[in-house]
Amino acid sequence: APADDALTGVHVVVTAGGTREPLDPVRYLGNRSSGKQGYAIADAAARRGAKVTLISTSTLPTPAGVDLVTVETALQLQEQVTAVRADVVVMAAAVADFRPAEAAGTKIKKTHDPADPDAAPTVRLVRNPDILAELVRQRGDCARPVLVGFAAETGDEHGDLLSYARAKLERKGCDLLVANQVGDGLTFGQDHTTVHLLRRGSPEVTTVGPATKAEVAAALWDAVIPLLHTS
Ligand code: C5P
């Protein structure tokens with residue numbers, strides 16, 4: 001087992017939960033991410049001695065010794081991640097790829113068009129930034145922060161989970177990718193999960209599970225700690 005102080009002196013940022021992109025003051029576009037895996041990762045890092053900043057949309061109880069920053073949208077999450085000088089960033093949050101082009105200032109009415117009381121509004125979406133890709137770009141040739149991404153993949157007739165994950169790792173340019181199979185009620189909000197850890201530039205895959213989210217978190221830090229020493 002790793003020493004409890006393996007992350008002492010290391011500043012870790014973990015993002016967790018699904019972003020909520022407002023449509024109006026009472027409605028948002030969201031997703032099914034519970035935040036549980038990110039919280040387990042933050043908890044495990046704190047137990048190993050790290051200074052931990054958890055940037056979250058979730059209302060789960062904050063793990064002991066973790067600094068919580070609450071956000072709602074992808075843009076807020078990006079602003080907060082970018083504001084920290086971290087040694088490791090773990091992007092466990094499910095960041096919305098799109099947001100409504102504008103959020104109405106007042107609640108959208110059922111009969112929003114007086115000329116046609118049966119009409120339904122059209123929501124125009126715009127792209128959110130890819131926060132992880134932007135962190136990779138900002139890092140440039142620096143060794144820090146070590147960057148960890150997540151990939152929720154289903155696999156389909158064009159390829160399997162691992163080949164999609166490998167392609168995503170190389171495309172995004174992060175150091176470690178945690179790939180998990182989703183769909184059919186798997187993973188989101190569940191207490192057990194199977195994940196595959198892929199390192200950039202290495203063909204090896206570490207498969208963990210079926211495991212608790214705490215066990216996945218431990219395996220993640222076991223994989224990150226050597227990266228902190230080699231760079
Ligand atoms: O490309 P995909 O969305 O599957 O990549 C998932 C990874 O990228 C996760 O680590 C997620 O936190 C991150 N991501 C991001 N910004 C986005 C979308 C995803 O940082 N707009």
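Note on region 126-180: residues that are open to solvent by 50 Å² or more (accessible area, probe 1.4 Å), away from the ligand (no atom under 13 Å from the Cβ) and aliphatic (A, V, I, L, M) total 1.
Looking across region 141-171, just one residue is without any contact (Cβ under 8 Å) to a residue 12 or more places away in the chain and among the hydroxyl-bearing types (Ser, Thr, Tyr), and that is SER163.
Whenever a residue of region 108-131 is in a loop (DSSP other than H, G, I, E, B), its partners that are of a type in the set (Asp, Glu) and at pLDDT below 95, lying with C-beta atoms within less than 6 angstrom and at least six residues away or across chains, give the pairs ALA119/ASP113.
The values are calculated or read from the model by the stated rules, or taken from the named source; none is laboratory data. All figures in this text were calculated on a predicted structure; none of them were measured in a lab. No Cβ is skipped: glycine too gets one built from the backbone with ideal geometry, and neighbour counts run over all protein chains shown. Surface areas here come from the heavy atoms of the whole protein model, side chains and all, with no ligands, DNA or RNA. Shrake-Rupley method; radii C 1.70, N 1.55, O 1.52, S 1.80 Å.
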